1. With viscosity set to 1.002 mPa s at 20 °C, what whole-number translational diffusion coefficient in µm²/s follows for chain A from Stokes-Einstein and a Kirkwood radius over Cα pairs?
2. Can you give the accessible area of B:Thr56, probe radius 1.4 Å, in Å² rounded to 10?
3. Of A:Met94, B:Met103, which has the most accessible area with a 1.4 Å probe, and how do the rest follow in descending order?
4. Using alpha carbons only, how many degrees (0 to 90, rounded to 10) separate the axis of helix A:105-129 from the longest principal axis of chain A?
5. With a sphere of radius 14 Å drawn around the Cβ of B:Val36, what net charge do the other residues whose Cβ falls strictly inside it have (Lys, Arg +1; Asp, Glu -1)?
6. Tell me whether region B:18-111 comes out rounded, prolate or oblate; compute the Cα gyration tensor, take square roots of the eigenvalues as a ≥ b ≥ c, and use a/c under 1.5 as the rounded threshold.
7. Not counting ligands, DNA or RNA, and with a 1.4 Å probe, what is B:Ser70's accessible surface area in Å² rounded to the nearest 10?
8. What figure, in Å² to the nearest 10, do you get for the accessible area of A:Glu3 with a 1.4 Å probe and non-protein molecules left out?
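The values are calculated or read from the model by the stated rules, or taken from the named source; none is laboratory data. Computed from a predicted model, the values in this text were never measured in an experiment. No Cβ is skipped: glycine too gets one built from the backbone with ideal geometry, and neighbour counts run over all protein chains shown. Note: accessible area is taken over every heavy atom of the protein model, side chains too, but ligands, DNA and RNA are not part of it. Shrake-Rupley method; radii C 1.70, N 1.55, O 1.52, S 1.80 Å.
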Amino acid sequence: MIEFVRNVRLWFVPAEVREDGETPDYRFSLANERTFLAWLRTALALIGGGFAVDQFLPDLRWAWRVGLALALLGAGVLCSLRAVNHWVRCERAMRRGEDLPVSRFPALLSLVVAVVAVAMVLVVLVGWEG
Amino acid sequence: MNASPAVRRQDPDRDPGLQPERTRLAWRRTTLSGTVVAVLAVKTVLHGGASAAGVTAGALCCVLWLGFLSVAHRRIRTLAATPSPVAFAPRHAAAAVLCTVAMAVCGAALVL
């Protein structure tokens, strides 16, 4: 958590990132940027999914609908914050010549998506009967 | 590897891996995803009977989309300016993420 706060400071103080180590090959930085953008798209897709659940499942009970929508929106927020955090960490590791940071987040996100998918199947089945 | 040397050496400034172009297209795709979210937000507002709070949240989403667009546009211009562009600035990354997070917050306000 302290590490995260330290990274948050780096988002807004780019000079500190630039002072660290040496500038890597620009292609590595661009690859890191594209990975960041891919995660941002994942976040935007989750947020869009939240809107879609709210808009396109009007027959769902209010609690289920709002709960799912908020869960997806929350996942989108987490995903985008993690995207910028991971980008800063990778950028710094590349400048220092260290190994790139590993992360549990992809596995965590896949589990959450799987759980939401199963929940949707249950909701559709229950909605069908009720 | 099989490309003839004459073709490969045509423009020494051009990155054979087309990294700047790929990054530019990644920005385009991401902007497009943001557009989908903004359109869905506007649809939610129109569907919800256009209350004052709803219209505000929807308008805010559109403003945030414009903010994201300007970050993307600036970055694309930087990428196009030089053959080996400078790294993305953390401040701009934070701005892009801030727009995304704020859109999600507007979404939560609209859904509730």
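1. Answer, rounded: 128 µm²/s.
2. Looks like 90 Å² after rounding.
3. Order by accessible area, largest first: A:Met94, B:Met103.
4. 10
5. +4
6. Because a/c hits 1.5 or more and a/b exceeds b/c, region B:18-111 counts as prolate.
7. Estimated to the nearest 10 Å², B:Ser70 gives 50 Å².
8. Only protein atoms counted, so the area is about 80 Å².
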